[in-house]
Every structure is written in C-alpha cells, then in structure tokens.
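Please read the structure below before turning to the comments.
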Amino acid sequence: MNGKTSRTQVRRLAAAVFTVCALVAAVPASGALANGLDAARASDLSEGIDARALTGIKDPFAVLAGIEELAGDEAVLPEYFEREIGMPAGARAARASEDELVVGYLLDGDAGSALETVKDHMGRRGWSEVPLGDVSGATFVKQGGACSWTLATCTQSGDETCVVFRSVVE
C-alpha cells in the first residue's frame, strides 16, 4: 500500500468516525467516554457520549470499536418508521434519535448502490422521489400516513454506507 492510499484510507476512516459519532450523539444510547473506553464500559450509559473524549483518542479503530460495543443491540425503531418507511434487506445497526425523527442504519456497499437500494425500497412502499442533485440522497414524499416527507442521505465509509432519514411526522 502506498502513502497516498494510506492517507486516503485514514481520511475515509476519519469521516466514518465523524459520521458514527454524529449518529450516536443523536441517540442517547451510550455513556461518557471521558475516562477512556474501559471506564465508559463501567459507567452509567444513560447520559450519552462525551464527544470531546472521543476526539482525544488517537486510534480511530478503538473509537469505532468502543462505540459499537456501547451501542449494543439494535434500537427499537419508531412505529411510524417501521410501518411507513421500513428497512431494505441487508440493512443493519439501526438507531433512532430520542425524538424519533432521525433514524439511521448501515448498508453494505458504496453510497451509490446504497442510494439505489433505498430508492427501490421506498418506491415499493409508495414513496415518490425528489433527487437532491450532487448530494448522495433524496427527499421522499407520499400522500397519507403519519409520515409524508422524509430526507434520506447516504454517507459511505469504507465498504459500507450509513443511511440516515430525517422525517416529518404528524
């Protein structure tokens, strides 16, 4: 592996760490990492993650491993999301924000293929797509139901893509 490839991978990994941290910060599913990963495992996880502590850890793989361990099993998805949006085959590691308006999950593959999977899935569920242009994502609208508008974005990190929905719910 040459130096340029290594730097690219480090940049991608850093982007992945940022994305995961942002998602986890939106979901009150884990505790503070202020005293390192070992201390966080023993702490009260109901207070969220101390993002400042995450940025002080030099090994991004350790940060990701710690976040995944703290996150534990998949979250229970909001009822409207399960009923009206759902997850395509192969989706995993779903999380929802406390207010249930932001839901994310992971799909294997690059952002382009993940977006195509999402578009196909949403179309089969009765949603109409409004492209976002240069952004890897789309807005989806439909008539009726508790949720009639949602924005889906796809952020690739390595061999997988994080899909995040931001929805308007009545």
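The values are calculated or read from the model by the stated rules, or taken from the named source; none is laboratory data. Since we're looking at a predicted model, the values are computed, not measured. Glycine also receives a Cβ, built like all others from the backbone with ideal geometry; neighbour counts cover every protein chain displayed. Note: accessible area is taken over every heavy atom of the protein model, side chains too, but ligands, DNA and RNA are not part of it. Shrake-Rupley method; radii C 1.70, N 1.55, O 1.52, S 1.80 Å.
From the residues in the range 125-139 that are touching a Gly at 6+ places or on another chain (Cβ under 9 Å) and surrounded by 13 or more Cβ atoms within 10 Å (Cβ to Cβ), which one is farthest from GLU84 (Cα to Cα)?
SER136
Kindly check whether there is at least one residue in the range 91-105 that is open to solvent by less than 50 Å² (accessible area, probe 1.4 Å) and in a loop (DSSP other than H, G, I, E, B).
Yes; the residues of the range 91-105 include at least one that is open to solvent by less than 50 Å² (accessible area, probe 1.4 Å) and in a loop (DSSP other than H, G, I, E, B).
Which members of the range 141-170 meet the condition of being in contact with an Asp or Glu (Cβ under 6 Å, 6 or more places away or on another chain) and open to solvent by less than 40 Å² (accessible area, probe 1.4 Å)?
Narrowing the range 141-170 to residues in contact with an Asp or Glu (Cβ under 6 Å, 6 or more places away or on another chain): 145-147, 156, 160.
Answer for the range 141-170, where residues must be in contact with an Asp or Glu (Cβ under 6 Å, 6 or more places away or on another chain) and open to solvent by less than 40 Å² (accessible area, probe 1.4 Å): ALA146, CYS147.
Looking only at the range 109-124, which residues are surrounded by 14 or more Cβ atoms within 10 Å (Cβ to Cβ) and of a type outside the set (S, T, N, Q)?
GLY109, ASP110, ALA111, ALA114, LEU115, VAL118, LYS119, HIS121, MET122
Could we say that ASP59 is farther than 21 Å from PHE165 by Cβ and at pLDDT 65 or above here?
For ASP59, the condition - farther than 21 Å from PHE165 by Cβ and at pLDDT 65 or above - is met.
Restricting the search to the range 78-90, which residues are touching a strand residue (DSSP E or B) at 6+ places or on another chain (Cβ under 6 Å) and open to solvent by less than 30 Å² (accessible area, probe 1.4 Å)?
Correct list: PRO78, TYR80, PHE81, GLU84.
Mind checking which residues of the range 138-155 are more than 10 Å from TRP127 (Cβ to Cβ), touching a residue at least 60 places away in the same chain (Cβ under 8 Å) and of a type in the set (S, T, N, Q)?
Result: THR155, single match.
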